[in-house]
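Novice: Below you will find the structure I want to go over with you.
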There are 2 protein chains.
Amino acid sequence: MKEALFEAASGLAGGGIPIGAVLVRGSEVIGWGYNRQVQQNDPVLHAEIDCFRNAGRIGRYADTVLYSTLMPCYLCAGAVVLFGVPKVVVGESRNFAGARDFLLEHGVEAIDLDLPECHEMMAGFVAGHGALWNEDIGEL
Amino acid sequence: MKEALFEAASGLAGGGIPIGAVLVRGSEVIGWGYNRQVQQNDPVLHAEIDCFRNAGRIGRYADTVLYSTLMPCYLCAGAVVLFGVPKVVVGESRNFAGARDFLLEHGVEAIDLDLPECHEMMAGFVAGHGALWNEDIGEL
């Protein structure tokens, strides 16, 4: 989760939405990503999507775990279910409840660490950039 | 749907998976895309995702319709639900049942035209490239 937080901070430093994600297989990180919606003018480039892209076509995901600083939305949870990622660990879900129930319905383990550092980074961003955040989660 | 089929044929001609999509607002096509998983070594670049990317950050999707040659998977249906696209028109769902129920559960109208030209293009591809297709839909 530290690496996901580093990704989120990288996104924030570049003028973007501070959400980061990493994909782990065993003890190895095989993908990194952060939300680049602003930076690349791309509405689908959420942190988890960026992370899956950067991991490349790895084939099977049955032995992977996705870490994200925030509970995934339907787009990213859809990718998790499609690829068969069995476990998602998130930094928090207080700023965004996301698609937790959808993940659980599809047998994905969803662990919420409820970390203050994740919550505070996101809360600060949402408070200062409400319109951008609402665009990111389709609430326009 | 003709434009989505043209996109699918473009993907096939480039060595990719023949699925195409367009996003329409009123009478105007505002996004085009096709599956580029093979061409860009990117597991998330499904036709609908490519289409949403190419349309850019359009803001509200409430007056848009997504056309795809094939019923969307969970990843692409997740994007539809996230963005609030109210209607999806697909060329067929016989080769892939996709996430139709998920779309309906979230109030998205899903119209299946069951067009032979869509079905045949996809069936031909699946018959000749089973492993690639299974990778695309996370069935490895």
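All of the numbers you see were taken from the coordinates with simple rules; none came from a lab. Because the structure is a prediction, the values reported are computed rather than measured. Note: ideal-geometry Cβ built from the backbone for every residue, glycine included; neighbour counts use all protein chains shown.
Novice: Treating only the Cβ of Lys, Arg, Asp and Glu as charged (+1, +1, -1, -1), what charge dipole size does the range A:68-115 show about its Cα centre? Round to the nearest 20 debye.
Specialist: I would put it at about 100 debye.
Novice: Sticking with this structure for a sec: I want to check the label-to-label distance for A:N54 and B:E109. Put each point 7 Å from Cα in the C-beta direction and report it in nm to one decimal.
Specialist: Result: 4.1 nm between the two label points.
Novice: Shifting gears a bit: What FRET efficiency comes out for A:A127 versus B:A127 if R0 is 51 angstrom and r is the Cβ-Cβ distance? Round to the nearest 0.05.
Specialist: FRET efficiency, A:A127 to B:A127: 0.40.
Novice: Hey, what do the phi angles of the range A:21-30 turn into as Karplus ³J(HN,Hα) couplings, whole Hz, using 6.51/-1.76/1.60 and θ = phi - 60°, x for Gly and Pro?
Specialist: 8, 9, 10, 10, 10, x, 9, 10, 7, 10
Novice: Can you give me the angle between helix B:2-13 and the longest principal axis of chain B, using Cα atoms only, in degrees from 0 to 90, rounded to the nearest 10?
Specialist: 30
Novice: Let me ask something else. Would you order A:K2, A:K87 from fewest to most other beta-carbon atoms within 10 Å of each residue's own beta-carbon?
Specialist: A:K2, A:K87
Novice: Okay, helix-only estimate at 222 nm for chain B: each DSSP H run of n ≥ 4 adds -39500 (n - 2.57), divide by all residues, round to 500 deg cm²/dmol; what do you get?
Specialist: Using -39500 (n - 2.57) per qualifying helix, the result is -12000 deg cm²/dmol.
Novice: Quick one: which residues, 5 or more positions from B:G31 or on another chain, have an amide H under 5 Å from its amide H? H modelled 1.01 Å from N in the peptide plane, none for Pro or chain starts.
Specialist: Correct list: B:L23.
Novice: Please report, for B:L113, the nm distances (one decimal) from its label point, 7 Å out from Cα along the beta-carbon direction, to the equivalent points in the remaining copies, shortest first.
Specialist: Once sorted, the set of distances for B:L113 reads 4.7 nm.
Novice: Using θ = phi - 60° and the Karplus relation 6.51 cos²θ - 1.76 cosθ + 1.60, list the HN-Hα couplings for the range A:79-90 in order, rounded to whole Hz, with x at every Gly or Pro.
Specialist: Karplus-based 3J(HN,Hα) across the range A:79-90 equals 5, 4, 5, 4, 7, x, 5, x, 8, 10, 10, 10 Hz.
Novice: Still on this structure, please answer the following. Place a point 7 Å from the Cα of A:D101 along the Cα-to-Cβ direction; which residues of the range A:57-95 have their backbone N under 20 Å from it?
Specialist: A:71-82, A:88, A:90, A:92-95
Novice: How high is the relative contact order of chain A, given as a whole-number percent (alpha carbon pairs under 8 Å, six or more residues apart)?
Specialist: 19
Novice: Rounded to whole Å, how close does chain A get to the rotation axis onto B by Cβ? Give me the residue too, please?
Specialist: A:G78, 1
Novice: If you average the C-alpha positions of the range A:88-140 and of the range B:81-140 separately, how far apart do those two centres end up, in angstrom?
Specialist: Value for the Cα centre distance between the two parts: 28 Å.
Novice: Order of B:S93, B:S27 from fewest to most other C-beta atoms within 10 Å?
Specialist: Listing B:S93, B:S27 from fewest to most nearby Cβ atoms yields B:S27, B:S93.
Novice: Please give the helix B:116-128 orientation as an angle from the longest Cα principal axis of chain B, in degrees from 0 to 90, rounded to the nearest 10.
Specialist: That helix lies at roughly 40 degrees to the long axis.
Novice: Right, something else. Measuring label to label, 7 Å along Cα→Cβ, what does B:G26 give against each other copy in nm, shortest first?
Specialist: Here B:G26 shows inter-copy label distances of 5.7 nm.
Novice: Restricting to bridges with both residues inside chain A, how much of the DSSP beta-bridge set is antiparallel, in percent to the nearest 5?
Specialist: That works out to approximately 60 percent antiparallel.
Novice: Which distances in nm, rounded to one decimal and ordered from shortest, link the label point of B:L132 to the equivalent label points in the other identical copies, with labels set 7 Å from Cα toward Cβ?
Specialist: 3.9
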